[in-house]
Amino acid sequence: MSRDSQPGQVLVIFALVLVVLLGFAAFALDGGNIYADRRSAQAAADTAALSGALAIVEGYAGWQVAEVAQYRASENGYTHNPPDTSVVVNWPPVSPHPYAGDPGYVQVIITHRLDTIFAHLFYEGAFVQSVEAVAHARVNEDLLPGYAVYAENESACPAVEFDGNPDTTVTGGGSIHANSTQSCSCAASGAAGVSRGTGSVTVVDPLGRAGIFSVGCWKKMGSTFVSAPPPQGGASPETVDLPPVPDCSALPDYTSEGDKVYNGVGTISPGRYDSIYATSAHAVLTMQPGIYCLSGELAGVSPRQAFQIDADAAVLGSDVMIYLGPTAGGFRAAGSGTTTLAAGDPSGAVVPALIDASGEDWRGMLIYVDPSNTNDVHLSGGSNSSFTGTILALGSRCTVQGGGGLLAMNTQLLCDSVRITGNGNVHIDYDPARNYQREDGIDLFH
């Protein structure tokens with residue numbers, strides 16, 4: 001190799017090294033800028049979506065929601081100015097987002113063109129990246145909006161069951177949902193949802209949004225049971241956002257008195273109890289407004305019960321909430337007398353007796369079974385018995401049994417599994433305004 005050729009070789013090697021160095025510089029500087037810009041854009045989208053959701057909670061009009069979100073994005077350095085920057089606000093979100101069309105959610109998409117320092121030497125055009133944020137606005141929502149009857153157990157086969165001869169009607173746009181998964185077979189005894197007997201179930205919804213659904217297969221047994229609309233399998237799973245456990249610490253403590261048994265006319269006050277029992281044809285128990293926290297079980301009664309109504313006993317209560325703690329038995333209203341229990345009206349006046357020691361307002365909650373309590377809830381009664389308010393028992397098998405008259409369930413029934421049976425008519429009126437309402441708030445989803 002001649003000495004004259006060496007400078008040329010050095011120049012070639014230097015050029016190659018320079019290209020490599022520029023590549024590293026592009027990666028280091030432009031990569032860092034791209035990463036920083038993405039984080040900045042995501043933060044701006046998150047803030048904008050939360051601001052839009054807050055505007056929904058505060059009652060802003062549709063165009064104002066978009067304007068608030070756009071303004072918040074602009075404050076964080078991303079003003080809608082195509083083609084360099086695009087800030088799109090969708091209320092509700094658009095497809096293919098899983099919450100597309102749901103007015104409880106607001107979607108913000110920021111697309112930004114970023115000029116590079118060195119990277120443009122290796123490819124043409126500016127670098128464009130897009131981020132998305134979706135926020136949820138909770139405004140006067142019950143625990144699972146749109147569902148009158150819900151069974152949470154994913155492995156229960158069936159999770160929702162109709163049998164016997166009751167004619168069940170669900171009104172108010174509330175669906176029936178079995179959360180059982182596709183692992184439940186379509187065999188007669190193993191489907192996610194089962195309807196059998198000679199009764200019927202009808203979901204009345206003028207808007208056509210409600211129905212009878214299951215994640216797994218729904219099985220109709222026999223030819224006499226009528227379902228309208230027809231049940232559908234393949235639904236998406238649903239979950240309940242649990243409220244806090246009631247704080248019973250400030251209530252009067254009557255647990256040392258053991259079983260509170262009522263054989264005649266009597267009145268009971270809010271407080272902490274071991275168990276409550278209304279029995280005999282002469283028992284008429286009136287529950288004063290407030291919170292009743294039970295922690296024990298009736299002696300000599302099987303299965304385990306903390307609150308039981310038997311025979312012709314009648315129990316009357318308005319503005320009440322019954323909480324069955326982790327160590328308590330179940331709830332059984334199985335007498336032939338008239339039971340009328342109603343939670344406080346969430347849209348009505350505040351009921352001081354329904355505010356616990358932690359400040360939680362329990363209007364709209366009728367029966368709350370602690371999630372770790374797996375004892376059954378059985379609801380029936382004589383002619384014109386009624387239960388009004390949310391029944392939350394995600395660890396319990398809930399049975400609704402129609403009798404000789406109409407059993408009125410002005411409620412949202414959220415249980416581990418649900419069975420509706422008996423010989424009488426069952427009317428479930430789904431009215432979100434009478435169910436327990438979560439506090440207004442906003443949540444962020446990506």
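Throughout, read-outs are computed from the coordinates displayed, never taken from laboratory work. Everything numeric in this text was worked out from a predicted model, so none of it was measured. Note: ideal-geometry Cβ built from the backbone for every residue, glycine included; neighbour counts use all protein chains shown.
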Legend entry - Highest-MSF residue in the chain out of 380, 95, 417 [GNM, Cα springs under 10 Å]: 95
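How much length would be gained if the chain were fully extended between residue 257 and residue 312, taking 0.36 nm per residue of separation minus their Cα-Cα distance, in nm to one decimal?
Values: separation 55, 0.36 × 55 = 19.80 nm, distance 2.46 nm.
The span from residue 257 to residue 312 would gain 17.3 nm if fully extended.
Treating only the Cβ atoms of Lys and Arg (+1) and Asp and Glu (-1) as charged, compute the dipole magnitude of the chain about its Cα centre; round to the nearest 20 debye. Intermediate values should be presented prior to the final figure.
Values: 19 positive and 43 negative charges, 184 e Å.
Dipole about the Cα centre, nearest 20: 880 debye.
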Legend entry - Gaussian network model of the chain, springs between alpha carbon atoms under 10 Å - residue of 304, 419, 113 with greatest fluctuation: 113
Legend entry - Among 60, 105, 262: highest mean-square fluctuation, GNM of the chain, C-alpha pairs under 10 Å: 60
Inset, instruction - Determine ³J(HN,Hα), in whole Hz, for all residues of segment 168-185 in sequence, where each value follows from phi through the Karplus function 6.51 cos²θ - 1.76 cosθ + 1.60 and θ = phi - 60°; x replaces Gly and Pro. - result: 9, 10, 10, 10, x, x, x, 8, 10, 9, 9, 7, 4, 7, 5, 5, 6, 7
Inset, instruction - Give the distance, in whole Å, between the Cα centre of segment 145-162 and the Cα centre of segment 373-446. - result: 12
Legend entry - Distance (nanometres) between label positions extended 7 Å along Cα→Cβ at residue 80 and residue 269: 6.1
Legend entry - Mean Cα-pair separation over length for segment 120-269, i.e. relative contact order, pairs under 8 Å, 6 or more apart, %: 19
Inset, instruction - Starting from the amide H of residue 235, placed 1.01 Å from N in the peptide plane, find each other amide H under 5 Å away whose residue is 5 or more places distant or on another chain. - result: 214, 215
Inset, instruction - Go through segment 227-232 residue by residue and turn each phi into a ³J(HN,Hα) via Karplus (6.51, -1.76, 1.60, θ = phi - 60°); whole Hz please, and just put x for glycine and proline. - result: 10, 9, x, x, x, 10
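At 0.36 nm per residue, minus the direct Cα-Cα distance, what do residue 223 and residue 57 gain on full extension? Give it in nm, one decimal, please.
Details: separation 166, 0.36 × 166 = 59.76 nm, distance 4.78 nm.
Contour length minus the Cα-Cα distance gives 55.0 nm.
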Legend entry - Whole-Hz ³J(HN,Hα) from phi, Karplus 6.51 cos²θ - 1.76 cosθ + 1.60, for segment 408-425, glycine and proline x: 9, 10, 8, 8, 10, 9, 10, 9, 5, 8, 9, 10, 10, 8, x, 10, x, 8
Inset, instruction - Calculate how steeply helix 62-75 sits against the longest principal axis of the alpha-carbon atoms of the chain, using the helix alpha-carbon long axis, and give the answer as 0 to 90 degrees to the nearest 10. - result: 40
Inset, instruction - Of the DSSP beta bridges with both residues in segment 244-382, give the percent that are antiparallel, rounding to the nearest 5. - result: 5
Inset, instruction - Rounded to the nearest 0.05, what FRET efficiency do residue 245 and residue 127 give with R0 = 51 Å and r taken as the Cβ-Cβ distance? Could you check? - result: 0.50
Legend entry - Amide H contacts of residue 389 (H built 1.01 Å from N, under 5 Å, at least 5 apart or other chain): 343, 410, 411, 412
Inset, instruction - Using label points projected 7 Å from each Cα along Cα→Cβ, tell me how many nm separate residue 207 and residue 288, to one decimal. - result: 4.1
Inset, instruction - Identify which of the listed values of percent of Cα pairs over 29 Å apart was calculated from the structure shown: [x] 66; [y] 49; [z] 58. - result: [z]
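Net charge within 9 Å of residue 158 by Cβ-Cβ distance, Lys/Arg positive one each and Asp/Glu negative one each, not counting residue 158 itself? Working shown, then result.
Working: positive: 219, 419; negative: 161.
That sum, taken over residues with Cβ under 9 Å, equals +1.
Determine the gain in length on full extension of the stretch residue 102-residue 340; use 0.36 nm per residue of separation and subtract their C-alpha separation, reporting nm with one decimal. Don't skip to the end; give the middle numbers.
Working: separation 238, 0.36 × 238 = 85.68 nm, distance 3.57 nm.
Computed gain between residue 102 and residue 340 is 82.1 nm.
Please report the antiparallel percentage of DSSP beta bridges with both residues in the chain, rounded to the nearest 5.
Values: 23 of 118 bridges.
The antiparallel fraction comes to roughly 20 percent.
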Inset, instruction - Mind checking which of 145, 364, 218 is farthest towards the positive end of the chain's charge dipole, using Cβ charges of +1 (Lys, Arg) and -1 (Asp, Glu) about the Cα centre? - result: 218
